[in-house]
1. Let me spell it out: the conditions are (1) over 18 Å from PRO248 (Cα atoms); (2) touching a strand residue (DSSP E or B) at 6+ places or on another chain (Cβ under 7 Å); (3) buried (at least 20 other Cβ atoms within 10 Å of the Cβ); (4) not basic (Lys, Arg), and SER158 meets all of them except one. Which number is the exception?
2. Condition check: of a type in the set (Gly, Ala, Ser), crowded, with 19+ Cβ neighbours inside 10 Å, free of Cβ contacts under 8 Å to residues at least 60 places away in the same chain and out of contact with any Gly (no Cβ under 6 Å at 6 or more places or on another chain). Does ALA265 satisfy that?
3. Within the range 305-338, which residues are of a type outside the set (Ser, Thr, Tyr) and free of Cβ contacts under 8 Å to residues at least 40 places away in the same chain?
4. Report, ordered by the first and then the second residue, all pairs with beta carbons closer than 9 Å, sequence separation of six or more or different chains, a first member in the range 90-109 that is surrounded by fewer than 20 Cβ atoms within 10 Å (Cβ to Cβ), and a second member that is assigned to a helix (DSSP H, G or I) and among the acidic types (Asp, Glu).
5. Since LEU199 meets every condition but one in (1) of a type outside the set (S, T, N, Q); (2) within 24 Å of ILE50 (Cα to Cα); (3) surrounded by fewer than 21 Cβ atoms within 10 Å (Cβ to Cβ); (4) modelled with pLDDT of 95 or more, which condition does it not meet?
6. If I go through the range 112-153 residue by residue, how many of them are among the polar types (S, T, N, Q) and assigned to a loop (DSSP other than H, G, I, E, B)?
7. For SER310, indicate whether it is within 19 Å of CYS131 (Cβ to Cβ) and over 26 Å from the mean Cα position of the chain (by Cα).
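The values are calculated or read from the model by the stated rules, or taken from the named source; none is laboratory data. From a predicted model like this one, the values you see are computed outputs, not experimental measurements. Cβ placement follows ideal geometry from the backbone for every residue including glycine, while neighbour counts extend to all protein chains displayed.
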Amino acid sequence: MIAELLDRTLDAQFDADFDESGLFRKRPVKGREYWYYKASERGAQTAKDIYVGPADDPEINRRVENFAQIKDDYQKRRKIVSTLTREARLFSPEPRVGNIVEAFWKAGLFRLRACLVGTIAYQTYGAVLGCRLAGAAMQTGDIDLAQFHSISVAVDDSIPPVLDVLRSVDESFKPAPHLNDAAGATKYVGANGLRVDFLTPNRGSDDLVGKPAKMPSLGGAAAEPLRFLDFLIYEPVRTVMLHKGGIPVLVPDPCRFAVHKMIVAARRSAGSQKDLKDLGQANQLAEALKLIGRAEDLREMFQVARDRGSSWREALDASLARMEFLGLSSAPSVLKAA
């Protein structure tokens with residue numbers, strides 16, 4: 001049912017973004033071909049080509065080829081979502097969170113290869129793995145969205161102004177002040193306390209910490225550079241958020257998410273609420289991955305992270321020891337297996 005829902009929501013995304021009167025064209029960029037959509041110019045100002053995705057993505061190619069037959073079946077999707085949340089008891093986000101993510105989907109954010117991270121991403125892994133995860137119902141007041149700076153530049157496209165997207169759902173949204181906001185705001189806050197943060201990997205010097213990066217595809221928003229984020233959001237996976245008729249999103253691979261949580265937990269104060277949440281999520285994912293036969297995938301990703309350097313190894317070893325001390329046995333048992 002999850003696979004069918006994801007397929008239907010991707011069809012709906014295509015139907016919403018691309019009018020049938022337009023056409024698709026391939027464009028070479030640095031030795032690789034990408035699909036772009038050209039809107040009809042009849043009775044309108046010449047429109048800019050819209051980035052669609054890599055031409056070697058079979059799912060995108062299938063939809064380009066069958067574009068004329070794609071139809072939005074929203075009510076059928078709603079029934080599938082209802083079954084998955086009520087009968088399978090998978091997690092559905094708070095309406096205010098789901099509505100914001102839906103607005104970004106319709107604005108094209110995930111088409112431009114941004115992805116959800118943080119607790120809001122963890123809450124989607126029940127659909128990714130086909131398991132009910134403990135702690136998925138944890139309330140969150142944050143929506144964290146991440147994108148590589150290189151992708152933000154390369155796609156040559158952008159969502160509408162980010163404040164317009166947010167205020168289409170909640171008019172109270174405002175940029176949060178930042179000491180170094182010349183590049184633009186990285187955080188937006190609504191009157192109900194919901195916060196939207198934009199993030200990007202920091203692979204440069206520590207001098208970049210606290211200095212927002214300009215992100216051409218994010219509708220005027222900048223992004224906060226963070227260490228270790230490049231490991232997390234590399235090769236994200238498609239899944240569906242179980243809200244309304246389903247929202248197709250990109251999230252980190254669950255193996256990368258679990259390992260990343262162990263790294264960031266080691267950098268927090270031991271015993272803090274966030275430290276315990278990070279380790280708990282990593283342990284739950286390890287248990288689910290073992291259950292569905294993907295323990296070896298987690299071990300492989302753990303080793304990839306360890307090979308990044310001494311600071312990565314020290315953080316991972318510290319978190320493993322702490323998890324054993326706390327009685328969180330699933331991750332240690334998987335990762336220490338021969």
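1. With respect to (1) over 18 Å from PRO248 (Cα atoms); (2) touching a strand residue (DSSP E or B) at 6+ places or on another chain (Cβ under 7 Å); (3) buried (at least 20 other Cβ atoms within 10 Å of the Cβ); (4) not basic (Lys, Arg), SER158 is out only on (2).
2. On the way: of a type in the set (Gly, Ala, Ser): yes; crowded, with 19+ Cβ neighbours inside 10 Å: yes; free of Cβ contacts under 8 Å to residues at least 60 places away in the same chain: yes; out of contact with any Gly (no Cβ under 6 Å at 6 or more places or on another chain): yes.
Judged against the criteria, ALA265 is a match.
3. If we filter the range 305-338 for residues that are of a type outside the set (Ser, Thr, Tyr), which is where we start, we get 305-309, 312-318, 320-328, 331-332, 334-338.
Passing the criteria: ARG306, ASP307, GLY309, ARG313, ASP317, ALA321, GLU324, PHE325, GLY327, PRO332, LYS336, ALA338.
4. Listed by first residue and then by second, the contacts come to LYS106/ASP17.
5. Here LEU199 meets the rest and fails (3).
6. The first filter runs over the range 112-153 and keeps only residues among the polar types (S, T, N, Q), leaving 119, 123-124, 139-140, 147, 150, 152.
Retained after the next criterion (residues that are assigned to a loop (DSSP other than H, G, I, E, B)): 123-124, 139-140, 147.
Residues in the range 112-153 being among the polar types (S, T, N, Q) and assigned to a loop (DSSP other than H, G, I, E, B): 5 in total.
7. On the way: within 19 Å of CYS131 (Cβ to Cβ): no; over 26 Å from the mean Cα position of the chain (by Cα): yes.
Considered against the rule, which asks whether it is within 19 Å of CYS131 (Cβ to Cβ) and over 26 Å from the mean Cα position of the chain (by Cα), SER310 comes out as no.
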